[in-house]
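Read through the structure below, which is laid out as structure tokens, and then see the notes.
Please treat every number below as a calculation from the coordinates, not as lab data. Treat the numbers as computed from the prediction; the structure is a model and nothing was measured. A quick note on method: Cβ atoms are made from the backbone with ideal geometry, for glycine too, and the neighbour counts reach across all protein chains shown.
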Amino acid sequence: MRRRAWQSQFPAHPPASWGEGDACCRHNQSGVKSIDHVFPAGLCGVIRTDNADVAFQACLAAIEGGIGTIEVTTTVPSWYEIIRGLIGTTLGKIPIGVGTVWDPGAVGEAKEAGADFVVTPVVLPEVAEACRKHDILCVLGALTPTEIYHARLAGANLVKIFPVGPVGGPEYIKALQGPMGGVPLWASGGVEIDQIPAYLRLGVKAVGLTGALFPAEALARRDMAAIQERASRAAQAAAAARADLGVTASRPTP
């Protein structure tokens with residue numbers, strides 16, 4: 001269990017846009033949050049880097065740009081402390097999840113950190129069972145129709161189609177809709193910002209952005225302005241697509 005203090009400097013004060021009041025201790029809440037609550041804008045920024053301080057600052061930049069949900073992968077050093085820091089800094093108003101989860105033990109850590117959801121790269125029934133035990137939204141990774149079926153059978157609330165880019169992107173999602181109609185999907189892996197409207201118009205519940213939102217060169221330069229600009233473009237693209245569908249996004253309240 002990770003309990004050591006993370007020495008990165010958090011902002012002294014949360015952004016004024018988050019409102020007033022104390023941060024919510026979300027890990028004490030019971031009940032699985034809905035997909036719409038966890039992904040209010042239909043977007044999720046997925047951070048992968050080997051620098052904990054850069055990860056934290058990049059997530060804040062993405063949030064400031066309008067990304068409504070953040071996933072911190074377990075490959076990021078001090079991911080537990082980063083999640084706690086993000087929740088505290090945003091006063092618990094932004095859904096935060098843990099990704100690249102391979103074992104059920106990490107689910108308990110994610111819940112204790114205050115995470116709203118857990119994401120795996122493949123179908124892991126034991127992780128889904130742990131999510132049920134801890135009352136946390138479960139996202140299992142899958143690619144083929146058979147894997148999608150087994151993900152839902154295992155108890156996934158949402159199925160992450162990964163990596164969607166190399167297998168056709170929006171066209172692949174469209175092809176899945178016949179046999180897999182009604183299955184809530186997350187599109188991730190090789191997704192570009194200009195593809196967001198296509199995915200959302202196909203009914204995808206969430207679009208995951210990794211390199212398109214957090215490019216390696218921007219992280220290396222600590223260019224948070226570039227990340228915020230990409231986040232703003234992504235948020236605008238998502239909002240326009242959802243408006244066409246008659247869906248509006250709102251920040252969830254704790």
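Considering the stretch 229-249, and only residues there that are of a type in the set (A, V, I, L, M) and outside any helix (DSSP H, G or I), the residue that is surrounded by the most Cβ atoms within 10 Å (Cβ to Cβ) turns out to be A249.
Checked against the criteria, A156 counts as surrounded by 22 or more Cβ atoms within 10 Å (Cβ to Cβ), over 17 Å from V46 (Cα atoms) and among the aliphatic types (A, V, I, L, M). Taking the stretch 39-94 as the range and being among the charged types (D, E, K, R) and within 18 Å of E229 (Cβ to Cβ) as the test, only E64 passes. Screening T144 on (1) closer than 30 Å to D103 by Cα; (2) buried (at least 19 other Cβ atoms within 10 Å of the Cβ) shows it passes everything except condition (2). Looking only at residues in the stretch 152-171 that are assigned to a helix (DSSP H, G or I) and closer than 19 Å to T210 by Cα, the one that is nearest to the chain's Cα centre (by Cα) is G165. Only one of the numbered conditions (1) out of contact with any Ser or Thr (no Cβ under 8 Å at 6 or more places or on another chain); (2) crowded, with 20+ Cβ neighbours inside 10 Å; (3) in a loop (DSSP other than H, G, I, E, B) is not met by L86, and that is (3).
Is it true that some residue in the stretch 185-200 is surrounded by fewer than 21 Cβ atoms within 10 Å (Cβ to Cβ), touching a Leu at 6+ places or on another chain (Cβ under 6 Å) and at negative phi? Looking for residues that are surrounded by fewer than 21 Cβ atoms within 10 Å (Cβ to Cβ), touching a Leu at 6+ places or on another chain (Cβ under 6 Å) and at negative phi, one finds none in the stretch 185-200, hence no.
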